[in-house]
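Heads up, the thing below is written out as structure tokens.
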Amino acid sequence: LGRYSGGPRGRVTFREYAPRTMQWLRSRVFGVEAEAYATAMAGSLEGGVELSLARSFSEGRGGGFFFFSADGRYLAKSMTRAEHHALLQLLPQYCRHMQSQPRSLLSRLSGCYSITMYGQTKFFHVLSNVFADLPPMHERFDLKGSWVDRHATPGEKTRKDSDWPASRLLRLQALARG
């Protein structure tokens with residue numbers, strides 16, 4: 001467990017969970033150097049962390065949040081305490097699987113953290129963005145598998161389940177991950 005406490009009287013606490021395991025996954029399994037990950041998560045010197053987060057921050061209806069790293073390669077997503085606990089319990093099996101199946105279509109977990117401020121703790125994990133190296137998308141859908149209240153509002157860029165044309169089939173091709 002890595003920990004940083006800052007601010008007056010330590011009111012803000014940032015924790016990194018399983019830092020050696022996550023570093024091993026990033027470097028040995030996913031081929032990402034520590035400096036490249038740190039740079040991606042810290043943001044550029046010109047734009048600053050605050051600016052890069054403000055452009056990519058999104059809050060879900062249920063109070064969860066996610067944001068992209070400054071370079072778009074990583075996605076930080078909030079999770080509940082129970083999800084956090086379950087993730088840490090599954091981590092050894094996840095590591096074995098990802099090492100033995102390098103082309104796995106499972107999300108590539110790069111970090112697990114929490115931050116405590118004002119007496120509240122928020123947990124989040126960092127995943128590789130599977131869309132980072134693809135050409136720009138011309139359509140975007142947020143598909144959840146429900147038809148209840150799942151229409152995009154006029155002007156919204158991301159469409160939802162009920163906006164999906166009934167005549168369109170979704171064909172997924174095998175992804176070649178290296």
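Amide H contacts of F65 (H built 1.01 Å from N, in plane; Pro and chain starts excluded): G60, S78 sit under 5 Å, all sequence-distant by 5 or more or on other chains. Amide H contacts under 5 Å for R108: S128, restricted to partners 5 or more places along the chain or on a different chain, H placed in the peptide plane at 1.01 Å from N.
3J(HN,Hα) couplings calculated from phi for region 22-29 with the Karplus curve 6.51 cos²θ - 1.76 cosθ + 1.60 (θ = phi - 60°) are, in sequence order, 5, 5, 4, 4, 4, 7, 7, 9 Hz; Gly and Pro show x. Compared with the alpha-carbon gap, the fully stretched path from H97 to V130 is longer by 10.1 nm at 0.36 nm per residue.
Taking the Cα centre of region 81-176 as origin and assigning +1 to Lys and Arg Cβ atoms and -1 to Asp and Glu Cβ atoms, the resulting dipole is close to 180 debye. Using the average count of surrounding beta-carbon atoms within 10 Å as a protection proxy, the listed peptides 125-131, 77-83, 153-159 rank, highest first, as 125-131, 77-83, 153-159. For V12, the amide hydrogen comes within under 5 Å of the amide hydrogens of G6, counting only partners 5 or more places away or on other chains and with H modelled in the peptide plane. Couplings for region 97-104, taken from phi via the Karplus curve 6.51 cos²θ - 1.76 cosθ + 1.60 with θ = phi - 60°, read 4, 5, 5, 7, 10, x, 9, 4 Hz in order; Gly and Pro are left as x.
For Q23, neighbours were defined as the other residues whose beta-carbon sits under 15 Å from its Cβ, and their charges (Lys and Arg +1, Asp and Glu -1) total +1. Note that region 78-89 has calculated 3J(HN,Hα) couplings of 6, 8, 6, 4, 5, 5, 4, 4, 4, 4, 5, 5 Hz, one per residue in order, obtained from phi through the Karplus relation 6.51 cos²θ - 1.76 cosθ + 1.60 (θ = phi - 60°); glycine and proline are x.
We did not get these values from a lab; they are worked out from the coordinates using the rules stated. What you see is a predicted model, and the numbers here were worked out from it, not measured in a lab. Cβ sites come from the backbone with ideal geometry, for glycine too, and all protein chains shown count toward neighbours.
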